[in-house]
Amino acid sequence: MQRTRTTRGRGSPGRKEPAGEDPIPVGPAHGGSIDGAAAVVEAFRTHFHRPPEIVVRAPGRVALLGAHVDYSDGWVMPAAIERAVWLAASLNRHSLGPNSLDLRALDLGEGARLDLDSLPPPIPNRQGVGDLRWSDYPAGVAWALRRERPSLPGLDVVYGGDLPRGAGVSSSAAVEMAFVLAWRTLADLDLDPLACARLCQRVENGYLGLGSGLMDPFASLHGRRGHLVLLDCRSCRHELLPLPEDAVILVADSGIRRRLVASGFNDRRAQCRRAVELLHPQLAETGRDVKALRDVTPRDLELHGHLLEPELLKRARHAVEEMGRVRAAADALRGGDLAAFGEAMNRSHASSRDLYEVSVPELDALCEAAASVDGCWGARLMGGGFGGCVAILARASAQDEVRGRVADAFEGDFGRRPEMFVTRPADGASV
């Protein structure tokens, strides 16, 4: 392993990475289509009449296990995917001045200009205009960065990609990470990889008003081709687990779009917090410091579950059991047992449906159809639920049959065929 690496944008140009750090890759990106880079570069030249200084790629992610436990300090198992957001950027040279953010969203065919000195307020503070706009994601990144660096320079940016929006593949975290890395590089900010991921989480929590955890931005940045990421959300330590070559991940889109801020997502986080508050006094008597549901065991729920209302008990049971599933599935993957890993995915979906209650009929139908096909190891909803996509782990040689059978079954139930794509774990974000 190389002991030092020279990169730009880690405090000062040419600074060397200490041994053991996990540097943000600089150079050619891997695991994504180069067409994405060419498209944003060409659009940047057309719109700003000069070439961009940098191009950033930030992938989406699939979450194979670890549903709704990152904000309870649990273990999760996502992977970066081959679909991504591409961003071309330069320091701002527009007549608006150096503190403006001049944006062009290539996929939407829309533009926006934001004054960094007078950004829109965080969504929870808006009076009667709380709808989320596409420009709120880069605005949120600027808001979070300016809390630590008020002199943040403006950027000219064109971005786009092939990630479906609102589908549970973390397109929002990919956009946020792309903007973080763009500012980190062009403004020479001293941000290590974990700080980049935490900053994206701060955007979601503080600016967008969504109580999400660390998993999505961490996976977008730390993914590696052919590997799943086993992340301990308390210590932030992670392990890369190879996915066998004969396995692929099919992403099936329910077609149901949801806004997590308006859904029950934040309610679920509040319920987990309330369950901890109610269990803490009883467990503290034994000398245990219970800070999150990570610190609660299945035995604790057997003995003290009566302290919780039925709905809170269901939420706590899901979180506690899901953490156990993640760790058991990691052991199965280390041993090459994809059947056991897939069964953990199936149980995760059932728990998300019955205990956490974040599924919808379309997601259930996709998972049930996949489970009936030989060559499918497991399937579960991804992201926050309430719509979006499911992840299907399948044998590569069976992917066409799985895809066809799932689409046929879904069309029989809902009268339309779901959008589906195949991916394998890809490398994380790079400049």
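The values are calculated or read from the model by the stated rules, or taken from the named source; none is laboratory data. Here the structure is a predicted model, which is why all the values come from computation and not from measurement. Neighbour counts run over all protein chains shown; Cβ positions are idealised from the backbone, glycine included. When the accessible area is computed, the model is the full protein with side chains, heavy atoms only, and any ligands, DNA or RNA have been set aside. Shrake-Rupley method; radii C 1.70, N 1.55, O 1.52, S 1.80 Å.
Before moving on, here are some points about what is shown:
- Stokes-Einstein D in µm²/s, Kirkwood radius over Cα pairs - segment 148-188 at 25 °C with 0.890 mPa s viscosity: 209
- The phi torsions of segment 291-298, fed into the Karplus equation with coefficients 6.51, -1.76 and 1.60 and a -60° offset, translate into couplings of 9, 7, 5, 4, 8, 9, 9, x Hz, rounded to whole numbers, with Gly and Pro shown as x.
- All C-alpha to C-alpha distances of segment 71-123, sorted into 5 Å bins beginning at zero, yield P(r) values of 4, 13, 16, 16, 15, 11, 12, 11, 2, 1 percent in whole numbers.
- Length released on extending from H47 to A350, taking residue separation times 0.36 nm less the Cα-Cα span: 104.3 nm
- Gyration tensor verdict on segment 263-337 (Cα atoms; rounded if a/c is under 1.5, prolate if a/b is larger than b/c, oblate otherwise): oblate
- Helical mean residue ellipticity (222 nm; -39500 (n - 2.57) per DSSP H run of 4+; nearest 500) of the chain: -11500 deg cm²/dmol
- Placing a pseudo-label 7 Å from each Cα along the Cα-to-Cβ vector at D107 and D413 gives an inter-label distance of 2.5 nm.
- Over segment 250-383: Rg over Rh, Cα atoms, Kirkwood Rh: 1.02
- Angle between the chain longest axis and helix 265-284 axis [Cα atoms, degrees, rounded to 10]: 60
- A crude spin-label estimate for the pair E311 and L240, with each label 7 Å from Cα along the Cβ direction, gives 4.3 nm.
- For the chain, carbon and sulfur atoms together expose 48% of the accessible surface, with a 1.4 angstrom probe and every protein chain in place.
- Nearest 10 degrees, 0 to 90: helix 310-334 Cα axis against the chain principal axis: 80
- Contact order relative to length of the chain, as percent, for alpha carbon pairs under 8 angstrom and 6 or more apart: 23
- Note on segment 106-160: Cα-only Rg and Dmax are 12.0, 32 Å.
- Relative contact order of segment 145-238, taken over Cα pairs closer than 8 Å and 6 or more residues apart, is 21 percent.
- Overall form of segment 309-431 per C-alpha gyration tensor (a/c, 1.5; a/b vs b/c): oblate
- Here the peptides 407-419, 369-381, 139-151, 310-322 are ranked by packing, the mean other Cβ count within 10 Å, and the order with the highest first is 369-381, 310-322, 139-151, 407-419.
- Cα shape, segment 35-186, gyration tensor, a/c 1.5 rule: oblate
- Estimated inter-spin distance, A339 and A195, nm [label 7 Å along Cα→Cβ]: 4.9
- Förster radius 45 Å - calculated FRET efficiency between N125 and E357, Cβ distance, rounded to 0.05: 0.95
- Å² per residue, accessible surface of segment 230-372 at 1.4 Å: 45
- Expected-Rg normalisation [2.2 N^0.38 Å, Cα atoms] applied to segment 387-431: 1.43
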